[in-house]
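Each reported figure results from applying straightforward, stated rules to the coordinates on display, with no laboratory input. All values reported here derive from a predicted model rather than from experimental measurement. Cβ placement follows ideal geometry from the backbone for every residue including glycine, while neighbour counts extend to all protein chains displayed.
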There are 2 protein chains.
Amino acid sequence: MGTMGRPREFDAKQALDKALDVFWRHGYEGTSISELTHAMGISPPSLYAAFGNKEKLFRSALDRYAEVRKQVWTELMSEPTARAMMERLFDRVIGFYATEGNPHCCMLVKGTLTSGDCGHVLADHMSAKRAESEQMLVERFTKAKASGELPEEIEPKDLAGYYMTVLDGMSVRAASGASRDELRKVAALAMRGWPGQ
Amino acid sequence: MGTMGRPREFDAKQALDKALDVFWRHGYEGTSISELTHAMGISPPSLYAAFGNKEKLFRSALDRYAEVRKQVWTELMSEPTARAMMERLFDRVIGFYATEGNPHCCMLVKGTLTSGDCGHVLADHMSAKRAESEQMLVERFTKAKASGELPEEIEPKDLAGYYMTVLDGMSVRAASGASRDELRKVAALAMRGWPGQ
DNA sequence: CCACATCTGTAGCGTTCACTACATATATGG
DNA sequence: CCATATATGTAGTGAACGCTACAGATGTGG
């Protein structure tokens, strides 16, 4: 059975990707509905009919962001060693942030800092997405420990927290204009701290 | 000669500190004039007469922030070794972010991420303040290299960039609710990467 | 006591915000 | 062809924004 009523004249997925791009660059509170409707190529009533309201649209965009990110990270997790995975992850992140035209920052980092000091409605959602990524590192490091790549005294959770922190910091520095070369050197020094041997 | 006209009934420095606190917690765009006037205990015309406008007030607050920060850092720079200085700096930062009631984030990190993707008028000002702090590390590490504490192959600039990145990342994680213990473990792992021996 | 200069509170300026009422257009179900 | 259901564009809602005109208050210099 086909749905009744006038069919929508735009593609919701494409529109969501456009919204994601704007939110990514300007943050939640820094993005206005008129910016969104312009970028998405639709009028306000269409936006509200399809996505609810600004907050729900942001949540949907965030889900989409996390989905794409998870795909990329999952691919990297299959690297033969955890160390190679981490090096490739740095390369990938740096390659993205330091490329002209791309947003220079992780959307979750920007979102976390943009939404007030605490208690913002969106904070939990973003924390959850951040935790998802971190958990992927924890699991990969646990595997590495089991296979003998990492020494016994290293806690996978701590190591994951450390590398997430470096990644978050690189996001901040990229946003404030750090070059590809500077970021590469940060990654190199972060990898100097790799445990073992 | 005394100044003519009715004297102001509030203390400008105290008012600026109040404004700093609000900007620190909510960022530039997340702070409204009415929040500021309420926190500062003055009315809008008084605010505008004393500080120009919102942007100029933010710049003044930022200058004040950087001034206090520079005092703290300067004190730490006199630690006998660069390594001890770095460890104390981590302790200090963690102690601040993880304490109830304090802002959970560096004001410059929040400000950098809050002001649009690029080209914001305030971005340059914040980049400059960030560079000032980083330069203090560069100079301390240069001294450490000269005294033999750091090996020849280490570039002070790179090492400073790395530790600033970790600090920035800790700011992000503190803002998203990281505990004192988690931050301590991050610092410990960051110090594992200390060059030498 | 009288200009003059500056601060203070009220009240409101124009603009932008997130969001929506309404009329119209276009599909399906009978 | 008609009733129903959903999408669309225009145009505008009340609220909050940054900021300021204005009148009254309070100081200094003559």
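Some notes on this structure:
- Within-12-Å neighbourhood charge of A:Leu16 [Cβ basis; K, R +1; D, E -1]: 0
- Taking the number of Cβ atoms within 10 Å of each Cβ as an exposure proxy, the fewest-first ranking of B:Val93, A:Val121 is A:Val121, B:Val93.
- Scanning chain A for GluC sites (Glu not before Pro) that sit in a DSSP loop and have at most 10 other Cβ atoms within 10 Å, the longest stretch containing none of them is A:10-99.
- Shape category assigned to the protein assembly as shown from the gyration tensor of Cα positions, a/c cut at 1.5: oblate
- Inter-chain Cβ neighbour average for residues B:105-113, partner chain, 10 Å: 5
- Across chain B, the mean sequence separation of Cα contacts (distance under 8 Å, 6 or more residues apart), normalised by length, yields a relative contact order of 21 percent.
- Distance (nanometres) between label positions extended 7 Å along Cα→Cβ at B:Ala128 and A:Ala84: 4.8 nm
- Pairs from A:Lys157/B:Lys70; A:Lys54/B:Lys129; B:Lys56/B:Lys129; A:Lys18/A:Lys70; A:Lys129/B:Lys110 whose Cα-Cα separation, in the structure shown, is over 22 Å: A:Lys157/B:Lys70; A:Lys54/B:Lys129
- Tensor-based shape of region B:9-64 (alpha-carbon gyration tensor, a/c under 1.5 rounded, otherwise prolate or oblate): rounded
- Added length on full extension, which subtracts the Cα-Cα distance from 0.36 nm per residue, B:Arg92 to B:Lys143: 16.2 nm
- Computed from Cα positions, the angle between helix A:82-97 and the longest principal axis of chain A comes to roughly 40 degrees.
- Counting only other chain Cβ atoms within 10 Å of each residue's Cβ, the peptide A:153-160 averages 2.
- Cα centroids of region B:144-197 and region A:143-188: 11 Å apart.
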